[in-house]
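Below is one structure, written out as structure tokens; the observations come after it.
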């Protein structure tokens with residue numbers, strides 16, 4: 001039962017994009033342990049700024 | 001210099017008797033489906049046969065044709081590291097589980113397109129559309145998506161325009177750029193027109209859609225200030241508010257506020273333009289990002305519901321298999337005969353050039369393994385095609401008489417149910433004035449006449465299917481407005497995002513002339529270029545709403561031609577790349593769909609430019625109405641001299657655009673041919689801008705399910721990985737909840 005809930009949670013977070021921040025933290029810790037890790041707030045802001053700068057990122061089709 | 005062949009031998013699975021039996025059965029299901037569609041004439045058949053034909057064909061195509069393309073043509077190499085692996089930064093570039101990426105890619109390619117084209121094409125019956133959607137996706141659309149994705153992956157996720165410039169040349173590249181921009185303008189105008197037609201005189205619809213703006217603003221605020229990144233929470237709240245907005249639309253429509261929300265098409269155009277401008281200059285986090293979440297959830301949810309509804313309800317198709325409009329070309333929804341216009345009208349769902357932009361954008365930067373282009377590229381497109389098939393079903397289960405009353409231009413139907421009933425009768429179909437009134441009443445709309453653009457028809461079909469499963473006739477109005485809302489929501493998101501992309505391209509181009517314009521944070525530049533883009537589509541939208549001949553009737557062929565033009569660019573780039581990389585033998589895989597697409601697009605352009613029939617040819621239309629003006633006569637459906645000159649102006653503009661599109665296709669083709677001939681004559685000189693081979697350290701299955709060999713491979717490196725760094729993206733078989741532990745494992749290296 002527990003594992004089913006965990007699976008649903010895993011897939012949902014992956015598909016909805018909620019897991020992006022956790023991935024970034026894991027990645028940064030693994031690759032450059034000394035680097036400063038952005039807070040979630042700062043990270044999400046940075047993502048939005050990137051999208052603002054190049055609207056072709058994440059463009060969806062008709 | 002040919003691309004290196006894969007170092008490892010393909011894992012050839014032996015064909016087991018079990019798989020022979022299974023695939024024979026699948027083939028039989030498809031064949032029986034097609035057989036029933038082919039043989040039944042003049043009787044109602046169940047939608048189940050359409051589903052059987054489509055799903056059977058998809059399964060066979062995916063299993064055999066896409067595998068052939070992956071193994072023989074592209075020679076996908078599982079030992080070669082993808083950009084996601086090489087450039088992994090945890091954010092833009094990141095090896096993503098193939099099943100998750102399939103979901104993201106599908107959500108990015110599927111929109112309103114596959115729900116609109118097939119509905120309009122239903123005027124020729126269900127058969128032409130169904131055949132083209134299924135055959136087109138298998139041999140053209142899915143191939144284009146998969147091959148573009150593959151080549152972009154080999155080039156660090158470069159965009160279609162960049163690939164055209166790098167591989168064909170600056171001339172072809174520039175033509176591709178102009179094409180993308182022109183298409184964006186026409187696309188946004190047509191999509192906005194669909195919305196305006198659906199919302200005109202509908203207080204329920206207008207109120208519900210208007211409410212999405214404060215809902216999105218609230219969600220944006222929540223994500224920015226209150227709880228950054230908590231997508232799930234905010235989406236649950238958002239969807240709940242959205243459903244409330246749909247329900248409360250009915251209360252508003254029955255209240256004294258109804259008049260406030262009953263808007264003329266012209267007023268809606270002004271609101272759309274104002275909205276489009278503001279939404280595209282506001283920060284992304286305020287409207288666009290939260291709207292994106294909402295529309296994606298609504299889209300995927302509704303598509304799943306619709307698939308279930310169709311399978312459970314299995315309604316009968318009431319439209320004839322082929323109507324006389326297929327050959328006569330005199331249909332009221334759009335003019336012209338089956339060839340080429342069915343293939344122009346149905347773009348998304350069969351072959352859509354726009355997908356090449358997605359396949360060469362975000363997806364190649366996320367793909368974990370080259371071998372997965374088959375699932376992600378080909379598989380996602382098959383799924384979108386299935387959405388288009390459901391749109392065909394939705395349009396064909398309603399009474400044909402009602403279909404034509406909803407989809408014919410007002411100039412043809414007149415304004416009363418009596419005149420509409422007579423007009424439909426003149427087409428050879430029948431519906432009584434009482435039935436027309438009752439149909440509008442059932443969905444609580446003042447009228448359904450001339451609600452052109454496809455969205456209302458689709459909503460009618462969907463409410464028919466859903467109410468058969470849940471709630472009965474009492475919920476029909478709710479489901480109708482649910483469908484309208486769901487289409488309007490993602491069309492508005494596209495209007496916003498598309499305006500931004502158009503602006504970005506414009507800034508980039510004009511920046512060559514005047515530097516400051518390229519700076520995307522310089523507000524006056526942003527406002528100016530946004531205004532130009534909004535003005536562009538706003539013009540066509542305004543024209544479309546006021547065209548006496550019917551805006552959809554006039555503009556939709558242009559949109560189709562433009563979209564197929566982009567497909568021609570993508571297929572030309574793919575074919576050039578196949579030839580340049582020493583795959584001449586297999587170049588037909590993209591060259592045949594390219595020739596077909598060019599034949600369709602150029603025939604359509606030719607007819608739109610040179611046809612003597614004023615219903616089809618823009619310039620013939622222009623001279624008929626110009627002669628009328630010169631003679632001082634008002635020709636129906638025009639009602640005044642003003643109408644007459646509107647028609648003259650519109651046909652001139654549309655005609656000139658048709659010429660422009662045809663010239664662009666010819667330029668791209670000529671340039672691509674030049675490069676291909678050179679590469680064939682002198683294979684040594686062909687230069688590829690491919691990223692050099694780097695060995696992959698990731699082990700991951702190719703398809704949806706891992707094969708036995710792949711599981712063994714995963715198990716072998718999985719053991720090493722968990723004793724090593726254990727930071728594989730989703731390779732830790734304990735913590736991530738990944739159902740079968742086949743997400744993909746990085747070979748353990750200990751220290752990195």
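Figures for the structure shown
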| read-out | value |
| --- | --- |
| Any hit, the range B:545-568, residues being outside any helix (DSSP H, G or I), more than 28 Å from residue B:267 (Cα to Cα) and touching a helix residue (DSSP H, G or I) at 6+ places or on another chain (Cβ under 6 Å) | no |
| Top-ranked residue of the range A:1-33 - restricted to ones that are in a loop (DSSP other than H, G, I, E, B) and more than 7 Å from chain B (Cβ to nearest Cβ), ranked as surrounded by the fewest Cβ atoms within 10 Å (Cβ to Cβ) | A:1 |
| Per-region count, the range B:513-544, residues crowded, with 20+ Cβ neighbours inside 10 Å and assigned to a loop (DSSP other than H, G, I, E, B) | 0 |
| In the range B:203-232, the residues that are within 12 Å of another protein chain (Cβ to nearest Cβ) and closer than 23 Å to residue B:482 by Cβ | B:231, B:232 |
| Residues being assigned to a loop (DSSP other than H, G, I, E, B) and closer than 18 Å to residue B:401 by Cα - total across the range B:277-328 | 8 |
| Some residue of the range B:196-208 being within 24 Å of residue B:384 (Cβ to Cβ) and in contact (Cβ under 8 Å) with a residue 60 or more places away in the chain | yes |
| The range B:622-648: number of residues that are within 28 Å of residue B:185 (Cα to Cα) and in contact (Cβ under 8 Å) with a residue 40 or more places away in the chain | 5 |
| Qualifying residue in the range A:34-43 (condition: more than 7 Å from chain B (Cβ to nearest Cβ), farther than 30 Å from residue B:351 by Cβ and not in a loop (DSSP other than H, G, I, E, B)) | yes |
| So residue B:449, is it within 27 Å of the chain's Cα centre (by Cα) and part of a loop (DSSP other than H, G, I, E, B) | yes |
| Looking only at the range B:143-162, and only at residues there that are farther than 14 Å from residue B:568 by Cα and away from every other protein chain (no Cβ under 14 Å), the one that is surrounded by the fewest Cβ atoms within 10 Å (Cβ to Cβ) | B:156 |
| Sole exception among (1) crowded, with 23+ Cβ neighbours inside 10 Å; (2) away from chain A (no Cβ under 12 Å); (3) under 27 Å from residue B:296 (Cβ atoms) for residue B:436, by number | (3) |
| Unique match (being part of a helix (DSSP H, G or I) and more than 10 Å from chain A (Cβ to nearest Cβ)) among B:509, B:499 | B:509 |
| Among the residues listed as B:274, B:236, B:247, the single one being within 14 Å of another protein chain (Cβ to nearest Cβ) and either surrounded by fewer than 17 Cβ atoms within 10 Å (Cβ to Cβ) or in contact with a strand residue (DSSP E or B) (Cβ under 9 Å, 6 or more places away or on another chain) (or both) | B:236 |
| Residue B:466 vs. criteria assigned to a helix (DSSP H, G or I), at pLDDT below 95 and under 29 Å from the mean Cα position of the chain (by Cα) | yes |
| Evaluation of residue B:101 against (1) part of a loop (DSSP other than H, G, I, E, B); (2) more than 22 Å from residue B:311 (Cα to Cα) (one fails), failing number | (1) |
| Residue in the range B:92-108 that is over 15 Å from residue B:353 (Cα atoms), under 17 Å from the mean Cα position of the chain (by Cα) and more than 12 Å from chain A (Cβ to nearest Cβ) present | no |
| Test for residue B:310: is it over 18 Å from residue A:16 (Cβ atoms), within 25 Å of the chain's Cα centre (by Cα) and at pLDDT 90 or above | yes |
| Check on residue A:56, under 29 Å from residue B:113 (Cβ atoms), part of a loop (DSSP other than H, G, I, E, B), free of Cβ contacts under 8 Å to residues at least 60 places away in the same chain and within 8 Å of another protein chain (Cβ to nearest Cβ) | yes |
| Qualifying residue in the range B:69-80 (condition: part of a helix (DSSP H, G or I), over 20 Å from residue B:148 (Cβ atoms), more than 14 Å from chain A (Cβ to nearest Cβ) and more than 25 Å from the chain's Cα centre (by Cα)) | no |
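The values are calculated or read from the model by the stated rules, or taken from the named source; none is laboratory data. Only a predicted model underlies this, so the values are computations on that prediction, with no experimental measurement involved. For neighbour counting, all protein chains shown are included, and Cβ atoms are generated from backbone atoms with ideal geometry for every residue, glycine included.
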